[in-house]
């Protein structure tokens, strides 16, 4: 087997088998909605086998009326269908220097699906949230032992929290992905969809919604999916939360050869959190000069936006460095360099693509 | 050098030179007040050299009137002198099975000194704490780089927080230890003394007191000096806080030979947090049967209490297992076995001492 052998499954790169982690080669992105079988997969434990008819979703904690409901009851409630872009908090980790531990995602731990489900606010309203409530914890059915010596001993379920305000605003409890049942690897029967946040918050195989009166300090927002927020002489461990503005180039791809003296279409996608993509700029000289790309389609909240740029390639053969840079409607733009305080997550600095201009 | 060579300094075991960590051999404990030169030393970074005349203590954050004061001003304020027992959160770690990382403290990372200083409440009153305040962070002058790959990049100062309520109740800013200036290794010129808490909260070389409106998540209460508090399927990372009730046997010491058929004095100390020692029991048969020890002296809040027990040693030579067990006035007692969720800290389960009854 050659050293650079890549195992594919449904066109996705197998980053690991157990737990199952699959990446979409970003150069294959074509449609605004990512087909389910092309959508990246990130799991932490074995994929639970859940009998939909025996499944219950519990709503509990700092609520006046805790309750549980089953799948049939959930489907009878009012629902919404929205496109949401999910990006893994470790997307682009492969490009960090020096190399760090973790799944070596390149550009494709991101995708956009149409999610159909019940607004979480409906269930919170029914449970009657107490005035002292501050956060909402999502707990998945997936569980196992961790081999991190700093991890909790014994079995652990995957769980993650969001602020109550976010939970009441736009979170969905999704039972359909692109019009069909959410598949097992994406959280069957129900996945929480937290728009505008890195996807570690969109907990799969949801079994419990716990309202709390203080910040939740579970493993997946302290020792994992967290980073150091620096303040003068000290630093605080902070959960990874909102997506950071980013553009990625789909084509041409890394090390591709493009024809000299012709018009080459550079295209890709850009996304932000709770803001529109205001502008994507492209540099074909490694970031010295920038030109504005054309935004395609229409802007949709918390979904990526495609863009393109027609590049007049040089007449002389040689190497060229392409870079894309997104800016959102709040004026936030991608940093030129990596902030080391972010550790192994939240990677949105500018990433160059090297291409060869052929004869 | 023999394998079990122990380097001593002022009678203390050198656990490490850089950073300096010294342990008092617990069998040498004799007086209620531990002499300063026998007192255990725990440091994380090089000991700062501080010019008292150039030192300032800042009080800031969620206060109406932030201010700084110097050493001379601090000494003019009202002061208290109180005995307080300080115990390292990793005391007894040597006895954990399986072995864990960290300083291998046996019984002597504990001591009692008379601390003289200004109640923190006086300074907080002067600063006028805002209604939204929740915690108080102590920041030391000591700083450096950590080699934990999960630690914040760059230089870090040692800092630790306590709840506002505790800060206003009984915390001292101590400038004297046992009647003299606090020595450099114990925090010169000023050390925060947090009675009833493990000593990681009693920040040395204090330079900044920061009032915050939310829980502080610094390195020394998340990745270090923290443990997992389990709740059903999940666990939360929780800072180490209050001392747990404990009795330690000073004499006889581990593997000591005691005479058969005689009266042997077993003695030691016991301590708790915010409670009196109600009872110390001693077992000379490995925990099968217990008899009550005599408490010595008078009870003082947040200071240890000495105890003794006169043991009629067996007539026949052999091995005996001694155990001491303390119970506090709130009814809390030492657990028989280690709770693995506590990780590498807060070790207060029963620790047997093996002795040989000689002819």
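The values are calculated or read from the model by the stated rules, or taken from the named source; none is laboratory data. Keep in mind it's a predicted model, so treat the numbers as computed, not measured. As a convention, Cβ positions derive from the backbone with ideal geometry for all residues, glycine included, and neighbour counts pool all protein chains shown.
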Report summary line: Condition set surrounded by 23 or more Cβ atoms within 10 Å (Cβ to Cβ) and away from chain B (no Cβ under 12 Å), scope the range A:207-223, selection nearest to residue A:114 (Cα to Cα): answer is A:209
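Suppose we filter A:153, A:163, A:149 for residues that are touching a helix residue (DSSP H, G or I) at 6+ places or on another chain (Cβ under 8 Å), without any contact (Cβ under 8 Å) to a residue 40 or more places away in the chain and closer than 17 Å to residue A:222 by Cβ; which single one remains?
Values: A:163 fails: touching a helix residue (DSSP H, G or I) at 6+ places or on another chain (Cβ under 8 Å); A:149 fails: touching a helix residue (DSSP H, G or I) at 6+ places or on another chain (Cβ under 8 Å).
Being touching a helix residue (DSSP H, G or I) at 6+ places or on another chain (Cβ under 8 Å), without any contact (Cβ under 8 Å) to a residue 40 or more places away in the chain and closer than 17 Å to residue A:222 by Cβ holds for just one of A:153, A:163, A:149, which is A:153.
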Requested in this report: Among residues belonging to the range A:313-340 that are under 20 Å from the mean Cα position of the chain (by Cα) and not in a loop (DSSP other than H, G, I, E, B), point out the one that is nearest to residue A:253 (Cα to Cα).
Outcome: A:324
Query raised in the report: Within the range B:44-58, can one find any residue that is under 30 Å from residue B:305 (Cα atoms) and assigned by TED's automatic domain parsing to the domain that holds residue B:116?
Result: yes
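Quick one: which strands (runs of 3 or more DSSP E) lie wholly within the range A:130-194 and hold at least 2 residues that are at pLDDT 95 or above and more than 18 Å from residue A:50 (Cβ to Cβ)? It would help to see each step written out before you state the result.
Details: elements: A:135-144, A:156-163, A:172-177, A:191-193.
Correct list: A:135-144, A:156-163.
Yes/no matrix, rows are residues, columns are (1) in the same structural domain as residue A:175 (by TED's automatic domain parsing); (2) over 21 Å from the mean Cα position of the chain (by Cα); (3) over 30 Å from residue A:292 (Cβ atoms):
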{"site": "A:214", "(1), (2), (3)": "yes, yes, yes"}
{"site": "A:219", "(1), (2), (3)": "yes, no, yes"}
{"site": "A:222", "(1), (2), (3)": "yes, no, yes"}
{"site": "A:232", "(1), (2), (3)": "yes, yes, yes"}
{"site": "A:250", "(1), (2), (3)": "no, no, no"}
{"site": "A:256", "(1), (2), (3)": "no, yes, no"}
{"site": "A:260", "(1), (2), (3)": "no, yes, no"}
{"site": "A:263", "(1), (2), (3)": "no, yes, no"}
**Report entry** Residue match in the range A:183-202 (condition: within 30 Å of residue B:148 (Cβ to Cβ), within 14 Å of chain B (Cβ to nearest Cβ), surrounded by 21 or more Cβ atoms within 10 Å (Cβ to Cβ) and in contact with a strand residue (DSSP E or B) (Cβ under 6 Å, 6 or more places away or on another chain))
**Finding:** no
Requested in this report: Within the range B:334-354, track down each residue that is touching a strand residue (DSSP E or B) at 6+ places or on another chain (Cβ under 8 Å) and closer than 14 Å to residue B:287 by Cα.
Outcome: B:334, B:350, B:351, B:352, B:353, B:354
Query raised in the report: If residue B:227 passes every condition in (1) part of a strand (DSSP E or B); (2) out of contact with any helix residue (DSSP H, G or I) (no Cβ under 6 Å at 6 or more places or on another chain); (3) facing chain A (nearest Cβ under 10 Å) but one, which one does it miss?
Result: (2)
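Return the residue satisfying two criteria in turn: it lies in the range B:120-145 and is free of Cβ contacts under 8 Å to residues at least 60 places away in the same chain and over 20 Å from residue B:241 (Cβ atoms), and of such residues it is surrounded by the most Cβ atoms within 10 Å (Cβ to Cβ). Quick ask: steps written out before the conclusion?
First pass over the range B:120-145, keeping only residues free of Cβ contacts under 8 Å to residues at least 60 places away in the same chain: B:121-122, B:125, B:131, B:145.
Applying the additional criterion that residues be over 20 Å from residue B:241 (Cβ atoms) yields B:122, B:125, B:131, B:145.
Details: B:122: 15, B:125: 11, B:131: 6, B:145: 12.
Restricting to residues being free of Cβ contacts under 8 Å to residues at least 60 places away in the same chain and over 20 Å from residue B:241 (Cβ atoms), the top hit is B:122.
Confirm whether residue B:350 is modelled with pLDDT of 95 or more and in a loop (DSSP other than H, G, I, E, B). Please lay out each step first, then the result.
Numbers: modelled with pLDDT of 95 or more: yes; in a loop (DSSP other than H, G, I, E, B): yes.
Yes; evaluated as a whole, the condition is true for this residue.
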Query raised in the report: Counting only residues that are closer than 19 Å to residue B:29 by Cα and in a loop (DSSP other than H, G, I, E, B), which one in the range B:230-267 is nearest to the other protein chains (Cβ to nearest Cβ)?
Result: B:245
